[in-house]
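Following: one structure in C-alpha cells, then a few remarks.
Please treat every number below as a calculation from the coordinates, not as lab data. This is a predicted model, so every value here is computed, not measured. Counting neighbours? That spans all protein chains shown, and the Cβs are built from the backbone with ideal geometry, glycine included.
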Amino acid sequence: MARADRYANLFAVFAPVIAVFALIPVAASHDLFAWTDAVVFAIMYILCGFGITVGYHRLLTHRSFQTYKGVEYTFAILGSLAIQGGPLDWVADHRKHHAHSDVEGDPHSPHVGRSKGVIGAVRGLWHAHVGWTWQVHGLATHQRYAGELLEDKGMRIIHYSFPVFILVSAGLPFGLGVALTGTIHGGLTALFWGGLIRLLAQSHVTWSINSVCHFFGTRRFDVDDYSTNVWWLALPSFGESWHHNHHAFPRSHRHGLRRWELDPSALLIEGLKRLRLAWDVVEITPERQLQRLA
C-alpha cells in the first residue's frame, strides 16, 4: 500500500472520532441538533448505505442481479459517497475475501495469523474491524479480482473520481441543511450529523460485518469459514449482517433467507425488479438451502 493511501485511511478512520470528541464542548453550549439534521442524517445514511449494500456488494461484486448501465453507475456513485473506497478497490478486496475467507490471503479475517487467547482475539478483531484499512486495503489487484469493472470506462471514471466524491459527500449534507433551514448554521449542523456522524456510524457498521460477523453470532450452513449471522446488526447494515447466509450463497440477492430475517437491501432489489429496472435476480430455493444445512 502506498504511503499516501495508508495515511488517507488512517485519517478516514480516526479523524471523525477526534472531531466528534472535539465538538462535545461546543455541543454542550450551542444548538447543534434540530429535526432537519435528523432528516439529512437519514437521507445520507440511506443513500450511502444502499450504495454499499446493493451497489458495491450485491450488484458489482456478486452480480446478484442485472440492471441498466445508468442504474449501475448511479449505485457506484452512491457507494463512493459512503467514503469506503472507490468501486474497483472495494470489489477487488471483497472478492479476495471470498476467495480466501478466514484463511491466508483474506484481507480482513479476525482469525488469520493471530495467537490464541483473549489477546489474540482482540488483536484479530481490531485488524478485521479497522486495522486492515491502513495495512492491506486496496492491495487486491483490479486485473485479477475486478477485471470486468476495470474494462468499463464509466466505472474507471467513477473510481478515479473518488476524491471528488469525498467533497460531494461533505457538500451534499451541507447543501441540504441550508436548503431546509435557510441558514449557514443549519448547513453546518447538517454537515456534522449527515456528514461526520453519518460517516462514523456507517463505516463502523460496515466494518462490523468483517469483524463481529466472523466472530460472534449463529451458524446453520456447511461453510468452510467462520462467518456468522448477527440479528441486531440487520437493520443498520440493511441486511448485510446475515453474513453466514451470504457466505453459504454468495450470489443470492437476499441475505435474510428466513421470513423473519430483515433484509432491506433485498426489498430494494425486488422493488427494482417490479419496476423492470432489475432482472436475472438470483434466488435460492428452500430445497437448495436444506442441502447446505450443517
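Residues whose amide H lies under 5 Å from that of residue 278, counting only those 5 or more places away or on a different chain, are 273; hydrogens are built 1.01 Å from N in the peptide plane. I need the shape label for the stretch 3-217. Rule: rounded when a/c is under 1.5, else prolate if a/b > b/c, else oblate, with a, b, c from the alpha carbon gyration tensor. Judged from the Cα gyration tensor, the stretch 3-217 comes out oblate (a/c at least 1.5, b/c at or above a/b). Under 5 Å from the amide H of residue 221 lie the amide H atoms of 294, each residue being 5 or more positions distant or on a separate chain, with H modelled from the backbone and absent for Pro and chain starts. The HN-Hα couplings worked out from phi for the stretch 231-236 by the Karplus form 6.51 cos²θ - 1.76 cosθ + 1.60 (θ = phi - 60°) are 5, 6, 9, 4, 5, x Hz, whole numbers, x standing for Gly and Pro.
Screening the chain for whole DSSP H helices with an alpha carbon extent of at least 27 angstrom along the helix axis and a mean Kyte-Doolittle hydropathy of at least -0.5 yields 3-29, 162-181. Each of 173, 243, 160 was placed along the dipole of the stretch 156-284 (beta-carbon charges, centred on the mean Cα), and the one lying farthest toward the positive end is 173.
Straight-distance candidates among the aspartates and glutamates for linking to residue 96, with alpha-carbon spacing under 13 Å and chain neighbours fewer than 8 residues away dropped: 104, 106. Just need the relative contact order of the stretch 3-217 here, percent rounded to a whole number, with Cα pairs under 8 Å and 6+ apart. That works out to 28 percent.
For residue 104 and residue 38, what is the calculated FRET efficiency with R₀ set at 41 Å and r taken between the beta-carbons, to the nearest 0.05?
For residue 104 and residue 38, the calculated efficiency is 0.40.
Extension gain, residue 141-residue 121: 0.36 nm per intervening residue step, less the Cα-Cα distance, totals 4.3 nm.
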